[in-house]
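First up is the structure itself, then whatever we jot down about it.
The values are calculated or read from the model by the stated rules, or taken from the named source; none is laboratory data. Keep in mind it's a predicted model, so treat the numbers as computed, not measured. Positions of Cβ are generated from backbone atoms using ideal geometry, with glycine treated the same way; all protein chains shown enter the neighbour counts. Only protein heavy atoms, including side chains, enter the accessible area calculation; ligands, DNA and RNA are left aside. Shrake-Rupley method; radii C 1.70, N 1.55, O 1.52, S 1.80 Å.
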Amino acid sequence: MQKILITGTSGFIGFHLAQRLCGQGLEVLGIDNMNDYYDVSLKEARLALLQKHNSFGFIQADLADDGAIDKAFADFKPDVVVNLAAQAGVRYSLENPRAYTNSNIVGFMNILEGCRHHNVKHLVFASSSSVYGANTKVPFSVSDTVDHPVSLYAATKKSNEMMAHSYAHLYGLPCSGLRFFTVYGPWGRPDMAYFKFTKAIMNGEPIDVYNNGDMKRDFTYIDDIIDGVEKMIGHIATPSSGWNADAPDPSISNAPYRLYNIGHNDPVNLLNMINMLEDVLGKKAQIVMKPMQPGDVLETYADIDAIDAAVGFKPSTSLEEGLAKFAEWYRGFYGE
């Protein structure tokens, strides 16, 4: 039986991935530090569901704790590692930058070392659409350069990609990086706009809409995301025959390393998303227009040709359908 270590299993994407894999009978070890960046009770509720699976084990540890991480690798001996744990959020990185270096840089270093020393066959790791930063050419392609991040969060994710490549090159560790685009759905993160908007609308409170709503996001439903991640686990990165050192493509390498966008490939205007939320909630939003926030970008739009070619990734859930499913979960979970 394949053994898979997933970091961030009390988080949004990690929880859904662990649920999927445990449901298939795979042995999963979850690691999460259960921090209070957002409501811990939501993380505890996710974890409680995972712990109903006999094939799921859990360790509460911080990725920056190298001793705990090395012991987890030594004891569990994973075949594959999926690193989803990170300090998330663009705006919070302006308030608490050290949280990002501890989790996303030091923590990821410990994951790489664990993979290196314990013969892991494939590392799949979370990057972010935020790495595109100041880029304006859309859709964003993994072959584009991403050297101008506009938040520290984005800079740490770009760093993860570079760190992973160095380990792929030096130690032959197969690494696949996934740049996630605005993942949403049931059991989502309360700091995300659609979640905050839902809470405010349900409570009759105003919502802050930045840049007068003139922004677009490539909203990607969680089930589509998990389909893609699951496929990527078995698609082990290999050196590319198309690598050209004179004209290097950032998404491939002569080492076993690949980068992929994982998004819906269909950006939606923020005000249109709010209108859809109003429809599924049956309530109108009280909108307060605000200026553009530091670290934000105007548009995210994923070119998904690479991941489609690799594993046949084709997201199928419309935003209307996904928001309806989220609203149904929200009402059930919070009793509204």
Original post:
Sorted by average packing, counted as other Cβ atoms within 10 angstrom per residue and highest first, what order do 139-146, 96-103 take?
Top reply: 139-146, 96-103
Original post:
On average, how much accessible surface per residue is there in the chain, in Å², for a 1.4 Å probe, leaving out ligands, DNA and RNA?
Top reply: 41
Original post:
Sorted by accessible area with a 1.4 angstrom probe, largest first, how do R46, R217 fall?
Top reply: R217, R46
Original post:
If you plug each phi of region 84-97 into the Karplus form 6.51 cos²θ - 1.76 cosθ + 1.60 with θ = phi - 60°, what whole-Hz ³J(HN,Hα) values come out, in order, with x for Gly and Pro?
Top reply: 10, 6, 5, 7, 9, x, 7, 5, 5, 5, 6, 8, 9, x
**OP:** Indicate, rounded to the nearest 5 percent, the antiparallel portion of the DSSP beta bridges found entirely in the chain.
**Re:** 5
Original post:
Carbon and sulfur atoms: what percent of the 1.4 Å accessible area of the chain do they account for?
Top reply: 49
Original post:
Tell me, how many Å apart are the Cα centres for region 268-336 and for region 96-130?
Top reply: 28
**OP:** For the chain, build the charge dipole from Cβ charges (+1 Lys, Arg; -1 Asp, Glu) around the Cα centre, then report which of A302, G30, G8 sits farthest towards its positive end.
**Re:** G30
Original post:
GNM, the chain, Cα, under 10 Å: largest mean-square fluctuation among L323, L17, L298?
Top reply: L298
Original post:
Between the helical axis of 107-117 and the dominant principal axis of the chain, each derived from Cα atoms, what acute angle in degrees is found, rounded to the nearest 10?
Top reply: 30
Subject >> Amide H contacts of F125 (H built 1.01 Å from N, under 5 Å, at least 5 apart or other chain) >> reply: N83, S176, G177, L178
Original post:
If you place +1 on the Cβ of every Lys and Arg and -1 on the Cβ of every Asp and Glu, how big does the dipole about the Cα centre of the chain come out, in debye to the nearest 20?
Top reply: 340
Subject >> Global form of region 177-217, assessed from the alpha-carbon gyration tensor, a/c cut-off 1.5 >> reply: oblate
**OP:** Give the angle, between 0 and 90 degrees and rounded to the nearest 10, that separates the Cα long axis of helix 12-23 from the longest principal axis of the Cα atoms of the chain.
**Re:** 60
Original post:
Ordered by packing density, taken as the mean number of other Cβ atoms within 10 Å over each peptide's residues, highest first, how do 54-64, 222-232 rank?
Top reply: 222-232, 54-64
Original post:
In degrees between 0 and 90, to the nearest 10, how far off the longest principal axis of the chain does helix 40-50 point, with axes built from Cα atoms?
Top reply: 60
Original post:
Using the per-residue mean of other Cβ atoms lying within 10 Å as a proxy for protection, in what order, highest first, do the peptides 191-197, 69-75 fall?
Top reply: 191-197, 69-75
**OP:** Please get the size of the charge dipole for region 169-266, origin at its Cα centre, with Cβ charges of +1 on Lys and Arg and -1 on Asp and Glu, quoted in debye to the nearest 20.
**Re:** 180
